[in-house]
Amino acid sequence: QVQLVESGGGLVQAGGSLRLSCAASGRTFSNYIMGWFRQAPGKQREFVSAISRSGGSTDYADSVKGRFTISRDNAKNTVALQMNSLKPEDTAVYYCAADVYGIGPKRTGYRYWGQGTQVTVSS
């Protein structure tokens, strides 16, 4: 089992940047594929980005491609999401997720989830 704690959310103006971080504890972090998801009010949770165990492969939703960057530090048991050029439609609770199964970054099937961190982008 792995425990996940997100941080770094907040209020930012459109066009600004935020960096989310997710700290993992428990089992060997490098065994886990990691992902970021978000859920806006009244909407279903959606995939944002994912990264392979080594960090060598990444995947992004079309809506964030070119603006967001996912990275991980297996020595520090952390995964980060750098968010640039933020838009009001990026407003959501952002969740970190982990799963031990899979070959590379994936968009579904995550077993472990954090509590989420709120990101609000004002226009």
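Pairs are defined by a Cβ separation below 8 Å, a sequence spacing of at least 6 or placement on different chains, a first member in region 32-60 that is on the phi > 0 side of the Ramachandran plot, and a second member that is among the basic types (K, R) and open to solvent by 10 Å² or more (accessible area, probe 1.4 Å); the pairs so defined are G55/R72. Note on region 1-75: enclosed strands (runs of 3 or more DSSP E) holding 2 or more residues that are under 15 Å from G114 (Cβ atoms) are 2-7, 18-26, 33-39, 46-51, 68-73. Would you call A24 over 15 Å from the mean Cα position of the chain (by Cα) and surrounded by 12 or more Cβ atoms within 10 Å (Cβ to Cβ)? No, not satisfied. Restricting region 27-43 to residues that are open to solvent by 60 Å² or more (accessible area, probe 1.4 Å) and farther than 14 Å from K76 by Cα, the residue that is farthest from the chain's Cα centre (by Cα) is G42.
To keep it simple, each residue is scored yes or no on (1) charged (D, E, K, R); (2) out of contact with any Gly (no Cβ under 8 Å at 6 or more places or on another chain); (3) closer than 24 Å to G16 by Cβ.
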{"site": "R38", "(1), (2), (3)": "yes, yes, yes"}
{"site": "S49", "(1), (2), (3)": "no, no, yes"}
{"site": "S54", "(1), (2), (3)": "no, yes, no"}
{"site": "D99", "(1), (2), (3)": "yes, no, no"}
{"site": "T108", "(1), (2), (3)": "no, yes, no"}
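Please give the number of the condition Y112 fails out of (1) closer than 13 Å to E6 by Cβ; (2) of a type in the set (S, T, Y); (3) under 11 Å from the mean Cα position of the chain (by Cα). Answer for Y112: the failing condition is (3).
Restricting attention to region 69-95, which residues are crowded, with 20+ Cβ neighbours inside 10 Å and more than 16 Å from G10 (Cα to Cα)? Within region 69-95, I70, R72, V79 qualify.
Is it fair to say S85 is under 13 Å from L20 (Cα atoms) and either of a type outside the set (A, V, I, L, M) or in a loop (DSSP other than H, G, I, E, B) (or both)? Spelling it out, it is not the case that S85 is under 13 Å from L20 (Cα atoms) and either of a type outside the set (A, V, I, L, M) or in a loop (DSSP other than H, G, I, E, B) (or both). E46 falls short on exactly one of the conditions (1) under 14 Å from the mean Cα position of the chain (by Cα); (2) surrounded by 22 or more Cβ atoms within 10 Å (Cβ to Cβ); (3) not aromatic (F, W, Y), and that condition is (2).
The values are calculated or read from the model by the stated rules, or taken from the named source; none is laboratory data. All of these numbers come straight from a predicted model, not from anything done at the bench. Glycine gets a Cβ as well: all are built from the backbone with ideal geometry, and neighbour counts include every protein chain shown. Protein only, heavy atoms only, side chains kept; ligands, DNA and RNA dropped before computing areas. Shrake-Rupley method; radii C 1.70, N 1.55, O 1.52, S 1.80 Å.
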